[in-house]
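Asker: Pasting in a structure now, in structure tokens, and then I'll have a few things to ask.
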Amino acid sequence: MKMLTAVIQRNPTEREHRSYQPGFAQWPAGTTALAFEIWVALAVSYYIAFILELNSAAGAGTSLLILVGPTQGMVLSKAIYRVAGTLFGAVFAIILTSLFSQDRTMLIAVFSVYMACLVAIATLLRDFRANGCILAGYTVALISIVDVDAPTATFTAMLDRVAVILLAVLVLAFVSAVLATAESARSLQSKLRAATKDIVAMALATLDRRTPPDPSQCVAMSARLMPLRSEIGFATPELLDGWARAKGARSALLGLFEAISAIQAIGLGLRNMSAASSTVDSAISIVRAAIVAQRPEKRLADINALTQQAMEAESLSIDEAYVLDRCKFIIEVFGDIRDGLLSSRVGRLPRRSVSLPVHQDYIAAVLNGLRVGLAAGIVGLLAVLSGLPGASLMILETVVFVSLGSVLHDPLAMGRAAILMTPAVIITSTIYDFLIFPNISDYPLFIISLAPVVTVTCWLIKTGKGPMGIFYGVQSISLLSPANVQTLDPTTFVDTAAFLVAGSGCIFFSLLLIVPVDPALRRLRLALAVGRTLRGALADENPLNQPKASLHYDRLIQFSSWQNGEAVTPARRNVMKRLSDLGNLSLAVRRSWKALDQARIAVDPAIDAKARQILPTLSPVEILDLSRTYLAAAAGLDRSKGLDLIHAAAALYGTAVLTTSEMRLLRHLRLLRYQL
């Protein structure tokens, strides 16, 4: 029995699909269309497999159901990586079997290490990209482990398996193209526009209240944005110019993250204003008009003119300079957002090409790989000691679902799915094998009878229960094992069902007991990563590779998610605020180094040298004095050099303010290096 699986997960912050309420059940919009598409692809795949009389024809159904995703773009994206991973795994299976054809223990041991390495890589890749690595791993199990007692059949099994996979992938891609609706592309554009409106509203509220938004509000907003990073990949293969639209969407998405950071900075500057300022009031009016316009960058000249006017009048204070500088930045950011949205809509290249880096927990990747390696080794050893010919199916099931569970945010979600859905799988298979299939004699009735299984699978996926849906669909088709000539062997059915139950238990206890996830340690590693980033910023490491706001907010999102739904207390809010401040301080320090480089030719070398000496010490008093020195030096210079010095003064001022707000924590982390 050949089976593969993958999991569709949905971020908890993602908006729910509009749903209908037929009786007791929720029926998300698009479920019927998705089920019809998958059922048509299943019908075509089985028909071709039966016509060609493939030995692994039953695997066409499981191979196809693994590709099920809520949208067409997700299906196509997974298919691309699935083909690459399968071909790589097939080659490795031949190599592995040729090396250890007479030694099952060594074969399982080497396979466990190989699987652990690939799951570790899959953890870092995230999303549908992880499918390629995981498939490269357990395709070996499908070929080498299942046929461990018949190594001479490995090459034939490899050809059959690759043929079935390619058949399922190509058929589903063809059906998706015929029934194409560009759902992912439209959904992505809609969500980007909605997020832009909400962030504009956040900016306007900040300008009204003249205080920064609460860090929890910023984290919640960024948690809405982060899933769009994956959706950009889903939408890319749906349209011919998808690569250009994807570049535009990435530019807009990064701009939204930058806008959240800029809104916090403006709010901080407005809150620290020592007195009312007509200059700042004028800047706020300019920002209000700019961020709701389609071409915000046209208002940059107004901000620059306002700054120059204040400098010439010698009435520009350091806190006013900071607010003006951040106002200029937010206008630039919204210009990038509008440009990215336009590029994503019309399919032209945006004016900037960016990436969206996220936090990578390498320790978690190693632990995930270790979990899968130990699970495969332990279950494989038990299977070898049992001597039962069908025990290889238990190894296969464990490797498949433990691997997929390990790359989920909550690994136990897959374990719970295995326990909860196993009875449903067995009941479904019993009904089909003993009541339905014996009364069916032709192909049309056979494929029509599978429609309920496909519908339930798609319904579970659409309602956000991805692990349960994939487990039910794949295991049901695997246990049914449809064939050209369907025969009923009760003994074989009972044996296979027994191994399925045993495998489900192995899945659950492997995810529960082997290297269990510790949320507290995850949060600690995230906090340490924030500290390391700040240390790197103070040392001006990799100045050409500036950190992106997406990395900062991804860490905050993960930290919040690892709170496991615990009650939000003032202490937890304070921790989140401190992490947010440290991340923003890292960005401010990087901005200061870059501003010092830009202003170097316009300032006295002695002042430049002193600034570069003082900045790494995080001495708030001295950095604040330096910011005033740069601001004073801007007087009398030409417009370009004067604006560079004002930008440097504002960057230093922002660093000093954020340092002052977190003095105690910075001292505890030994990041303050000045003498009291």
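The values are calculated or read from the model by the stated rules, or taken from the named source; none is laboratory data. Just so it is clear, the model here is predicted, and its values are computed rather than measured. Every residue, glycine as well, gets a Cβ built from its backbone with ideal geometry; the counts of neighbours run over all protein chains shown. Heavy atoms of the whole protein, side chains included, go into the accessibility calculation; ligands, DNA and RNA do not. Shrake-Rupley method; radii C 1.70, N 1.55, O 1.52, S 1.80 Å.
Asker: Here are the criteria: (1) modelled with pLDDT under 90; (2) assigned to a helix (DSSP H, G or I); (3) surrounded by fewer than 17 Cβ atoms within 10 Å (Cβ to Cβ). Tell me which single one P389 does not satisfy.
Answerer: Unmet condition: (2).
Asker: Mind counting the residues in the stretch 448-471 that are more than 21 Å from A29 (Cβ to Cβ) and surrounded by fewer than 19 Cβ atoms within 10 Å (Cβ to Cβ)? Please lay out each step first, then the result.
Answerer: As a first pass, look at the stretch 448-471 and keep what is more than 21 Å from A29 (Cβ to Cβ): 448-450, 453, 467, 471.
Next, from what is left, pick out any that are surrounded by fewer than 19 Cβ atoms within 10 Å (Cβ to Cβ): 448-449.
Total satisfying the criteria: 2.
Asker: Let me ask you something else. Please work out which residue is most open to solvent (accessible area, probe 1.4 Å), limiting yourself to the stretch 168-225 and to residues that are outside any helix (DSSP H, G or I) and not hydroxyl-bearing (S, T, Y). Before you say what the answer is, go through the steps one by one.
Answerer: Within the stretch 168-225, the subset outside any helix (DSSP H, G or I) is 179-182, 210-214.
With the extra rule that they be not hydroxyl-bearing (S, T, Y), the set shrinks to 179-180, 182, 210, 212-214.
Working: L179: 68, A180: 55, A182: 20, R210: 88, P212: 34, P213: 7, D214: 69 Å².
Among those residues, the one meeting the criterion is R210.
Asker: Same structure, new question: For I431, indicate whether it is over 21 Å from Y46 (Cβ atoms), exposed (fewer than 15 other Cβ atoms within 10 Å of the Cβ) and either in contact (Cβ under 8 Å) with a residue 40 or more places away in the chain or not basic (K, R) (or both). Write out each step before concluding.
Answerer: Working: over 21 Å from Y46 (Cβ atoms): no; exposed (fewer than 15 other Cβ atoms within 10 Å of the Cβ): yes; either in contact (Cβ under 8 Å) with a residue 40 or more places away in the chain or not basic (K, R) (or both): yes.
Here the answer is no, as I431 does not meet what is asked.
Asker: What pairs can you find where one residue is in the stretch 301-328 and within 13 Å of L643 (Cβ to Cβ) and in contact (Cβ under 8 Å) with a residue 40 or more places away in the chain, the other is of a type in the set (S, T, N, Q) and open to solvent by less than 50 Å² (accessible area, probe 1.4 Å), and their Cβ atoms are less than 9 Å apart, with a gap of 6+ or different chains?
Answerer: Within 9 Å, the pairs are T307/T279; L316/T279; L316/T307; A321/T307; A321/S627; L324/T279; L324/T307; D325/T307.
Asker: I'm trying to understand the selection: among the residues of the stretch 273-328, which are assigned to a loop (DSSP other than H, G, I, E, B), open to solvent by 20 Å² or more (accessible area, probe 1.4 Å) and among the small types (G, A, S)?
Answerer: Residues satisfying the conditions are S274, A275, A276, A293, A313, S315, S317.
Yes/no per residue for (1) in contact with a Phe, Trp or Tyr (Cβ under 7 Å, 6 or more places away or on another chain); (2) more than 29 Å from A136 (Cα to Cα):
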position: M394; (1), (2): yes, no
position: T398; (1), (2): no, no
position: A417; (1), (2): yes, no
position: I431; (1), (2): no, yes
position: L460; (1), (2): yes, no
position: S481; (1), (2): no, no
position: T491; (1), (2): no, yes
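Asker: Residues that are within 34 Å of the chain's Cα centre (by Cα) and over 22 Å from G636 (Cα atoms): does the stretch 319-328 have at least one?
Answerer: yes
Asker: Of the conditions (1) open to solvent by 40 Å² or more (accessible area, probe 1.4 Å); (2) more than 30 Å from I477 (Cβ to Cβ), L585 satisfies every one except a single condition; which number is it?
Answerer: Going through (1) open to solvent by 40 Å² or more (accessible area, probe 1.4 Å); (2) more than 30 Å from I477 (Cβ to Cβ) one by one, L585 breaks only (1).
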